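> Pasting in a structure now, in structure tokens, and then I'll have a few things to ask.
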Amino acid sequence: MRIIQEKQLDFSDVLIQPRRSTIESRKCVDLTRDYKFKWCPNVIKGTGIMQANMGTIGNFEVSKKMLDYGLFACLHKHHNIEDLISFYKKLMKDGDDKWMRCLLGIGLRDNGIEKLRTINNELGIQVGVKFDVPNGYIPQVKESVIKLREEFPDMFIMVGNVVTGDITEDLILSGADVVCVGVGGGSACLTRKQTGCGRPQLSAVIECADSAHQVGGMVCSDGGVTCPGDVGKAFGAGADMIMMGGMFAGTDEADGEIIEKRYATNERLVHSYGITESHEIVYETKKYKQFYGMSSTLAQEKFGNGKPSYRASEGRVTLVPYVGSVTDVIEEILGGLRSTMSYIGAKKLKDIPKQCTFYRVNNQLNRIYENTTIGK
Ligand code: 5GP
């Protein structure tokens, strides 16, 4: 047994230091990057932000909007082959650029490879994959990456998840272009609670990005983004790409109905009747959408054959606030990122880590003083 004494940090433990900048307007920054990979020969131009390959958001609707905005997309592994082929066919009509940015989630124990073979044979392209195994440390992951790379030499391969530099390097040298970094930090994740394993996301990204870049690879920071500022922090830590689930879960384009809930507020309507009065409770209605982890019992029941008794559920089922169209969320994220870049003088996405110094802080966000008259 050994204890690592170095403090491990999350996004919420830091703020980015503003620095001299010649960027006069948020419009003057370039959010796109030419992604050149270690193995995949395609150069993909885009902004390395994508939705997680999770049940409600790894669908075609969210993907289409992400791709329209120049972002990446990641489909979940439960789409049937006919729908996948027709979706990729449509993307191909818009040019090479779009289908290349759309990854397909595949797992260790499913028919993902057969799906890839069918799509690739049918369409004559090699679609990118996110080879998704919650525990990227098991030997089958590395072995499968080697086989995938052998069979699909031109494929954009992203694999995960891990949180340490050694295995990041290993997976890249085995054939991965991008390694997904993040264990236990997802908003719908119960891994930390159920297994006691995980690592704070910022520290994980800093270490893994450094290792990946040493050997010509890249990392995708996966999980733990709760606000646009976290996106700037993840890029600042060295992430080449960022994947997020919860941020997109409350949107119109995510699967599932809007759920309305009525709450009693602290407000009262006072009705006077001569010398008596009654106080009527004021209610408000809030809107939500359901969101669930891919290892939750619900996801396993929805997409599989129920939860095997030897597996604990490592995902939660939750309601997230309804936030309207995914395009509003995308614009808010990209607007925040542009602003981060202008605060630190980063003209291009790739400049962010070079320009980034973090402060370790106790409070990330301003405190909101409720029930005060300040500012009124
Ligand atoms: P978020 O952006 O919501 O914080 O995190 C999204 C990420 O959480 C996903 O990309 C995936 O890596 C992770 N995730 C999704 N479902 C589950 C789950 O059921 N269990 C665990 N441990 N992680 C999950």
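> List pairs: first residue in segment 263-285 and among the small types (G, A, S), second residue part of a strand (DSSP E or B) anywhere in the structure, Cβ distance under 6 angstrom, at least six positions apart or on different chains.
Taking only residues 6 or more apart or on different chains, the pairs are A264/I281; A264/Y283; S278/H271.
> Kindly indicate which of K142, K89 is under 17 Å from A73 (Cβ atoms), more than 15 Å from the ligand (Cβ to nearest atom), open to solvent by 50 Å² or more (accessible area, probe 1.4 Å) and modelled with pLDDT of 95 or more. First the steps, then the outcome.
Details: K142 fails: under 17 Å from A73 (Cβ atoms).
Exactly one residue qualifies, and that residue is K89.
> Quick one: is L116 in a helix (DSSP H, G or I), touching a Phe, Trp or Tyr at 6+ places or on another chain (Cβ under 9 Å) and surrounded by fewer than 24 Cβ atoms within 10 Å (Cβ to Cβ)?
In short, yes.
> Right, another one. Please work out which one of (1) assigned to a strand (DSSP E or B); (2) farther than 24 Å from S12 by Cβ is the condition M155 fails and give its number.
It is condition (1) that M155 fails.
> Within segment 230-252, can one find any residue that is open to solvent by 20 Å² or more (accessible area, probe 1.4 Å), within 13 Å of the ligand (Cβ to nearest atom) and part of a helix (DSSP H, G or I)? Before the answer, list the steps.
First pass over segment 230-252, keeping only residues open to solvent by 20 Å² or more (accessible area, probe 1.4 Å): 246-247, 252.
Add one more test, that the residue is within 13 Å of the ligand (Cβ to nearest atom), and what stays is 246-247.
Then keep just the ones that are part of a helix (DSSP H, G or I); that gives 246-247.
Yes, segment 230-252 contains at least one residue that is open to solvent by 20 Å² or more (accessible area, probe 1.4 Å), within 13 Å of the ligand (Cβ to nearest atom) and part of a helix (DSSP H, G or I).
> Here is a further query. If I ask for residues that are within 14 Å of V162 (Cα to Cα), open to solvent by less than 40 Å² (accessible area, probe 1.4 Å), assigned to a loop (DSSP other than H, G, I, E, B) and more than 7 Å from the ligand (Cβ to nearest atom), which ones from segment 176-229 would you list?
Residues satisfying the conditions are A176, V183, R199, P200.
> Which condition from (1) surrounded by fewer than 17 Cβ atoms within 10 Å (Cβ to Cβ); (2) within 23 Å of G198 (Cα to Cα); (3) over 21 Å from the mean Cα position of the chain (by Cα) is the one that N135 breaks?
Going through the list (1) surrounded by fewer than 17 Cβ atoms within 10 Å (Cβ to Cβ); (2) within 23 Å of G198 (Cα to Cα); (3) over 21 Å from the mean Cα position of the chain (by Cα), N135 breaks only (3).
> Sort out which residues of segment 253-262 are open to solvent by 10 Å² or more (accessible area, probe 1.4 Å) and not in a strand (DSSP E or B), and write them in order of number. Quick ask: steps written out before the conclusion?
Going residue by residue through segment 253-262, those that are open to solvent by 10 Å² or more (accessible area, probe 1.4 Å) are 253, 255-262.
Correct list: E253, D255, G256, E257.
The values are calculated or read from the model by the stated rules, or taken from the named source; none is laboratory data. Since the structure is predicted, the reported quantities are computational estimates derived from the model, not experimental observations. Please note: Cβ atoms are built from the backbone with ideal geometry, for glycine as well, and neighbour counts cover all protein chains shown. For the accessible areas, the whole protein counts, side chains as well, though only heavy atoms, and no ligand, DNA or RNA atoms are used. Shrake-Rupley method; radii C 1.70, N 1.55, O 1.52, S 1.80 Å.
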